[in-house]
Amino acid sequence: MTVFPELQAYEWEYLEQVMNHVNPYTGLKYADDPALAIIEVRNEDSVFFGHPLNRLESDYPQHAAILKADWAMWLTDKYQTDEALAEAWGDGMRNADSLSNEEMKIYAAWEMSAEGPSLNASEAARMGDWIQFLAERQCDGYKNRRDLLRDVGYKGIVLSTGWKVGGPAADLANLWTDDCLEMIDRHTYQGGGENLRG
């Protein structure tokens, strides 16, 4: 997923070897080859994707725990105290919400409706923080990959992903993360290929 630094580091272990591989025909390592004009950090993926975000807690409890702890830390940096958090979230504050609680409820992608949280409209500020947190972490991951590519000498364009995802409430946050790098790409599939059949 796009927000877990440890998983990104494992991925980079492989990619770094690829970028430093020397093509025996050109004598250039891939990072230096001008034919490699664009590198996409993630192909059609985003933290706002329905899977795994919708079932993160049930299917990937260890990853959910890491993300929840990170969110609690992010909230602590932003609000400093539970009193400030309660003032910001107002009626959307849940009973168990506290900067010291790393088990606070997180939101699934399907809950991010255009009107705000689909289950409880009073949680709009709470969900807004969740969306901002995810967007910032995803942007951080994209920028980290770009910096690592620059460190091995790659000078071409680095783009984030080629996909538009997330509930309507997260659309702009997703677009903002795409703009964290140097190019925005969108993949679209018109009719699933039906128009290509003879």
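Within the stretch 63-117, being in contact with a helix residue (DSSP H, G or I) (Cβ under 6 Å, 6 or more places away or on another chain), without any contact (Cβ under 8 Å) to a residue 24 or more places away in the chain and small (G, A, S) holds for one residue alone: S98.
Suppose the filter is within 16 Å of the chain's Cα centre (by Cα) and acidic (D, E); does D185 pass it?
In short, yes.
Residue count for the stretch 13-71 under the criterion of being of a type in the set (S, T, N, Q), in a loop (DSSP other than H, G, I, E, B) and either open to solvent by 60 Å² or more (accessible area, probe 1.4 Å) or under 18 Å from Q132 (Cα atoms) (or both): the result is 4. Residues in the stretch 85-98 that are open to solvent by 30 Å² or more (accessible area, probe 1.4 Å) and in a helix (DSSP H, G or I): A86, E87, A88, G90, D91. Just the residues that are among the charged types (D, E, K, R) and within 30 Å of L85 (Cα to Cα), please, taken from the stretch 123-176. Answer for the stretch 123-176, where residues must be among the charged types (D, E, K, R) and within 30 Å of L85 (Cα to Cα): E123, R126, D129, E136, R137, D140, K143, D171. Taken over the stretch 6-34, residues that are out of contact with any Leu (no Cβ under 9 Å at 6 or more places or on another chain) and of a type in the set (G, A, S) amount to 2. Restricting attention to the stretch 99-124 and to residues that are crowded, with 18+ Cβ neighbours inside 10 Å and assigned to a helix (DSSP H, G or I), the residue that is farthest from the chain's Cα centre (by Cα) turns out to be E123.
The values are calculated or read from the model by the stated rules, or taken from the named source; none is laboratory data. Predicted model, so just to flag it, every value in this text is computed and none were measured. So basically every Cβ, Gly included, is an ideal-geometry build from the backbone, and we count neighbours across all protein chains shown. Please note that ligands, DNA and RNA were not included when accessible areas were found on the heavy atoms of the full protein model with its side chains. Shrake-Rupley method; radii C 1.70, N 1.55, O 1.52, S 1.80 Å.
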